[in-house]
Amino acid sequence: MTSATPERRSGIAARPFHVAVGSLAAGLGTSTASPAVTLVVAAAVGAAVLMPRWWGIVPSSAANPHQFAALACAVVLLGAAVGEARLRALDAPVTQLRDAHVEGMRVYLLSPPRPNPFGASAAVGVASDPLRGTRLLMRVARWTHLPSGVEIGAELAVDGHVRPLQPADGAGQSGFAEQLRRAGIAGELLLERARATGRRRGGVVGALDRMRSRAERGVGAGLPAREAALARGMVLGQDERIDETTRQDWRDSGLSHLLAVSGQNVMLLVALALPFLTLGRLGPIARGLALLGLVALYVPLAGAGPSLQRAGVMGAAGIAAMMMSRPASRWYALLLAAAMTLALNPRARADPGWQLSFAAVAGILAWGRPLAAALARAGEELIPVAPRPGVWAGPSPLVRALVRGLADGVAVTAAATLATGPLVAFHFGAVPLAGLVANLLALPAVAPAMWLGMLKGALGMASAALPPAGAAAEWLGPMTRIPLVYLEQLAERCAYLPGGRLVLPLHSPAAVALAYVLLAIALFALRRWARRVGRRPAGAGLAERTAAWRRAPRSFRVAVLVLVLIVLALVTATGLGSPAPPGDLTVRFLDVGQGDATLVQDGDGANALFDAGPPEAAVYRELRAAGVKRLDLAVSTHQSRDHQGGFHDLIRRMPIGLLLVNGYGTRDPDYHRMLAEAHAEGIRRSPAHAGELLHVGRMTIQILGPPPHEVGDPAPEDPNPIGVAAIVSQGGFDLWLSADAESDAILDYPLRPVEAMKVSHHGSADPGLPEVLDRLQPDVAAIEVGAHNSYGHPTPSTLSALRHAGIATYRTDRDGTVTLTVTHGTMRVATER
């Protein structure tokens, strides 16, 4: 009893600081809102302080709770005032920014160029007057290029157009402008020309630039490009080289948090460094200072994002508590992290990453520990271990450690998923339920991947002074690749789990708040039920079943557990396996937005793909969902981003028997990059020839166009008329495919009646379409078109021609992926929505 009382008093005595720091964070968070909201929050904080029976946060030493509540309200108002002052300082560069053309303006590269559909973009800091210190988003169009080899911190002399951020008409663009403001971006630089000056940033930031560059090379050393990109994302937060398909797989599988450096990284860094510091016989103070230095170095090296700032503050608080041999208050550290990150940037509270990071940690602190303890107790009771016949002594220390480790992993995953669920639904429209499975299966690989990546990064930084360190980082590459490939394949499989995404219509902050209230009520009720069950007599309910399990023969318990593990393994293998291919001829007009991608499967395992859509459509995911493991034929109908762009990712990800191409003399660099990538993967390539007849499984593919192209002739300005036109036949079924070639080109081909067709060029206006339809006479037509596209596709004239011809017409913008199945000569059409 004597030892328990001081601890209780100590915990209560520390609570005024919790209230003060929490009030400051609340005030900072309201600085971006109206004064009325700030007053409401201040009143709410004061009311909470005056409810000690509900909240238990008034210290015993407080003589007057009303004074304490008034002080908390004052701290909220102080935080709001400090936040407003900080916002004025952050927005000062915006007031100086005007639409202007600049020549020779010097800027420093602050982030790696991130590819996008229009080219690339990167953050830059202006180094010349009058905009010195202003951060801009530099937009690099596809026809503009940055100097080769430029790295973060390099100085560029640029020509272009500077303008303030454009909070434009569309909600998406307006939201993007707000996102840039939260990141401290004041405006945009539309780049025309850039040249490297040969200079770099100096001082501390320049030293960090050089260290980051060496760490980046070290992390990627000895790894293939895809795994190197993943490793840089996991260790340094540099995810710009991760392709969109992989990014989407990790997002849908609930593993995307691994690509955003956060508290897990800081925890693993400390866990990696602590044994080495202990072996060095350093005392607690020296170890703590070394760990603080590591954290202080790692946070800016990894980008210092909102979640990492939070993790750095919490990690530093925990290390300081360890140095002073005092128990660390995790809630206090979380509140302190909130206050510090909001003091740096009050707009951070609107950042989804900031919200999710704090919600996840709060959920782990609130529910993780009790859930882990309950799971560990249940696991230890169910383990069939008996040192002597008929005597129960519990599992061995090693087994107990394994059970507790698994219980911790399950508890942390479940608590974080529950705590972030409403926010994830609000920001992204759905909750990845597959994340519960994926994160558990990822546990064995996350720490090895992180530790090896961090070690490689450290060796990369040391390579400047110690050249053999670079070779060591290269040598560790194959070892690091093992957990990375496992995580990559796990994300890919879990992204397609049936029912892996729960769509929740949470469209407002009020709906999110209600979801959290309902979640809290459900968890409270569950906790009360668990306590009631725990208070039952030993011979009743769960306790009775547990005792019966312990009394059962050991061989029986082992057999039951083995059977359960076999069933779980079979269910997991079935769920994570690839979908089976169809047993009938199937045509899928894939929904890839404003682009083309048509998949034909012969029902016997052969697959042919005509075009792959734009790169952001991630057609690989659609093929996986259709049970495709290998493409026997892939056709790139013509040089156009919305038809050809998806092949870059597909070539790296899937075996392709034959790539039929149609360059037609083009010098387009993207087309020739596709050919180079196919050559590197050992894929056979062949130009399309009119009159060619291809046999793919049960299918026969007749190539009707384009007309022959003479070597040396220039490529046409418009590639659409020379797109590959073909008829795919199997049994009595014929399918007409003509890419973007319209009537002016295809009426010269020997057309014949078919059962189904893809309408050319996304349903654009085509005066000769009625004649084409009269010669083809299809029963079904599909238009592959993006929703709300700026081209007006499909045009009213095209829809009218199809309607007048009496053809059943489907559109991917409204129907999603359209699937046509032919069974014993009968066609069935199914739509995704």
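The values are calculated or read from the model by the stated rules, or taken from the named source; none is laboratory data. Since this is a predicted model, take the numbers as computed values, not measurements. Note: ideal-geometry Cβ built from the backbone for every residue, glycine included; neighbour counts use all protein chains shown. These area figures cover heavy atoms from the full protein model, side chains too; ligands, DNA and RNA do not enter into them. Shrake-Rupley method; radii C 1.70, N 1.55, O 1.52, S 1.80 Å.
Here is a yes/no grid of residues against (1) open to solvent by 20 Å² or more (accessible area, probe 1.4 Å); (2) modelled with pLDDT under 80; (3) of a type in the set (S, T, N, Q); (4) assigned to a loop (DSSP other than H, G, I, E, B):
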| position | (1), (2), (3), (4) |
| --- | --- |
| 318 | yes, yes, no, no |
| 322 | yes, yes, no, no |
| 341 | no, no, yes, no |
| 357 | no, no, yes, no |
| 378 | yes, yes, no, no |
| 386 | yes, yes, no, yes |
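Scan segment 708-740 for residues that are farther than 16 Å from residue 775 by Cα, assigned to a loop (DSSP other than H, G, I, E, B) and open to solvent by less than 20 Å² (accessible area, probe 1.4 Å) and report the count.
Of the residues in segment 708-740, 4 are farther than 16 Å from residue 775 by Cα, assigned to a loop (DSSP other than H, G, I, E, B) and open to solvent by less than 20 Å² (accessible area, probe 1.4 Å).
Please name all residue pairs, on different chains or six or more residues apart, with Cβ atoms under 7 Å, provided the first residue is in segment 135-151 and is touching a residue at least 24 places away in the same chain (Cβ under 8 Å) and over 27 Å from residue 90 (Cβ atoms) and the second residue is open to solvent by 40 Å² or more (accessible area, probe 1.4 Å) and among the aromatic types (Phe, Trp, Tyr).
Final answer for the pair search is 141/118; 142/118.
For residue 76, which of the numbered conditions (1) under 22 Å from residue 349 (Cβ atoms); (2) at pLDDT below 80 fails to hold?
(2)
Considering every residue within segment 688-707, establish whether at least one is touching a helix residue (DSSP H, G or I) at 6+ places or on another chain (Cβ under 8 Å) and within 20 Å of residue 225 (Cβ to Cβ).
No, the conditions are met nowhere in segment 688-707.
If you go through segment 239-264 one residue at a time, how many are in a loop (DSSP other than H, G, I, E, B) and buried (at least 21 other Cβ atoms within 10 Å of the Cβ)? Write out each step before concluding.
At the first step, the residues of segment 239-264 found to be in a loop (DSSP other than H, G, I, E, B) are 239-243, 253-255, 260-262.
Adding the requirement that they be buried (at least 21 other Cβ atoms within 10 Å of the Cβ) leaves 239, 253-255, 260-262.
Residues that pass the stated criteria total 7.
Just need a number here: residues in segment 35-64 that are part of a helix (DSSP H, G or I) and at pLDDT below 70.
Taking segment 35-64 first, the residues part of a helix (DSSP H, G or I) are 35-49, 52-55.
Now narrow it down to the ones that are at pLDDT below 70: 52-55.
Residues meeting the conditions: 4.
Suppose the filter is over 24 Å from residue 620 (Cβ atoms) and surrounded by fewer than 14 Cβ atoms within 10 Å (Cβ to Cβ); does residue 695 pass it?
Details: over 24 Å from residue 620 (Cβ atoms): yes; surrounded by fewer than 14 Cβ atoms within 10 Å (Cβ to Cβ): yes.
Answer is yes for this residue.
Just for helices (runs of 4 or more DSSP H) wholly inside segment 454-555: which have at least 1 residues that are surrounded by 12 or more Cβ atoms within 10 Å (Cβ to Cβ), modelled with pLDDT of 80 or more and on the phi < 0 side of the Ramachandran plot?
Values: elements: 468-475, 477-494, 509-534, 541-551.
Filter on segment 454-555 gives 468-475, 477-494, 509-534.
Kindly provide the set of residues from segment 629-655 that are outside any helix (DSSP H, G or I), more than 22 Å from residue 727 (Cβ to Cβ) and open to solvent by less than 30 Å² (accessible area, probe 1.4 Å), ordered by number. If you could, list the steps in order and put the result at the bottom.
So the first thing to find is which residues in segment 629-655 are outside any helix (DSSP H, G or I), and the list is 629-640, 645-646, 654-655.
After this cut, where a residue has to be more than 22 Å from residue 727 (Cβ to Cβ) as well, the list is 629-630, 639, 645-646, 654-655.
Residues satisfying the conditions are 645, 646, 654.
I need the full set of residues from segment 134-155 which are farther than 20 Å from residue 182 by Cβ and assigned to a loop (DSSP other than H, G, I, E, B), in order please.
To start, the set of residues in segment 134-155 that are farther than 20 Å from residue 182 by Cβ comprises 140-155.
Correct list: 142, 143, 144, 145, 146, 147, 148, 149, 150, 151, 152, 153.
Here's the yes/no breakdown for (1) on the phi > 0 side of the Ramachandran plot; (2) within 35 Å of the chain's Cα centre (by Cα):
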{"residue": "751", "(1), (2)": "no, no"}
{"residue": "790", "(1), (2)": "no, yes"}
{"residue": "794", "(1), (2)": "no, yes"}
{"residue": "805", "(1), (2)": "no, no"}
{"residue": "811", "(1), (2)": "no, yes"}
{"residue": "825", "(1), (2)": "yes, no"}
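Need pairs with beta-carbon distance below 7 Å; first residue of a type in the set (D, E, K, R) and within segment 79-98, second open to solvent by 40 Å² or more (accessible area, probe 1.4 Å); sequence gap 6+ or separate chains.
86/343
State which residue pairs qualify: first residue at pLDDT 80 or above and inside segment 165-191, second residue open to solvent by less than 40 Å² (accessible area, probe 1.4 Å) and hydroxyl-bearing (Ser, Thr, Tyr) in any location, beta carbons under 8 Å apart, and separation of 6 or more residues or different chains.
Correct list of pairs: 186/134; 187/134; 191/144.
Could you list, in sequence order, all residues of segment 78-92 that are surrounded by fewer than 14 Cβ atoms within 10 Å (Cβ to Cβ) and of a type in the set (Lys, Arg)?
Residue satisfying the conditions is 88 alone.
Residues in segment 666-681: is at least one open to solvent by less than 10 Å² (accessible area, probe 1.4 Å), in a helix (DSSP H, G or I) and either over 28 Å from residue 763 (Cα atoms) or touching a His at 6+ places or on another chain (Cβ under 7 Å) (or both)? Working first, answer last.
Narrowing segment 666-681 to residues open to solvent by less than 10 Å² (accessible area, probe 1.4 Å): 674, 678.
This time we only want the ones that are in a helix (DSSP H, G or I), so: 674, 678.
If we keep only those that are either over 28 Å from residue 763 (Cα atoms) or touching a His at 6+ places or on another chain (Cβ under 7 Å) (or both) as well, we get 674, 678.
Within segment 666-681, one or more residues are open to solvent by less than 10 Å² (accessible area, probe 1.4 Å), in a helix (DSSP H, G or I) and either over 28 Å from residue 763 (Cα atoms) or touching a His at 6+ places or on another chain (Cβ under 7 Å) (or both).
Is there any pair linking a residue in segment 796-815 that is open to solvent by less than 70 Å² (accessible area, probe 1.4 Å) to one that is aromatic (Phe, Trp, Tyr) and not in a loop (DSSP other than H, G, I, E, B), with Cβ under 9 Å and at least six apart or on different chains, and which?
Cβ pairs passing all conditions: 810/589; 812/589; 815/589.
Give the residue, chosen from 751, 773, that is of a type in the set (A, V, I, L, M, F, W, C), out of contact with any Pro (no Cβ under 6 Å at 6 or more places or on another chain) and either crowded, with 23+ Cβ neighbours inside 10 Å or not in a loop (DSSP other than H, G, I, E, B) (or both).
Details: 751 fails: either crowded, with 23+ Cβ neighbours inside 10 Å or not in a loop (DSSP other than H, G, I, E, B) (or both).
After applying the criteria, what remains is 773.
Within segment 273-316, restricting attention to residues that are at pLDDT 75 or above and touching a Gly at 6+ places or on another chain (Cβ under 6 Å), which residue is surrounded by the most Cβ atoms within 10 Å (Cβ to Cβ)?
Here the answer is 302.
Name the residues in segment 436-451 that are within 17 Å of residue 262 (Cα to Cα) and crowded, with 22+ Cβ neighbours inside 10 Å, would you?
Matches in segment 436-451: 439, 442, 449, 450.
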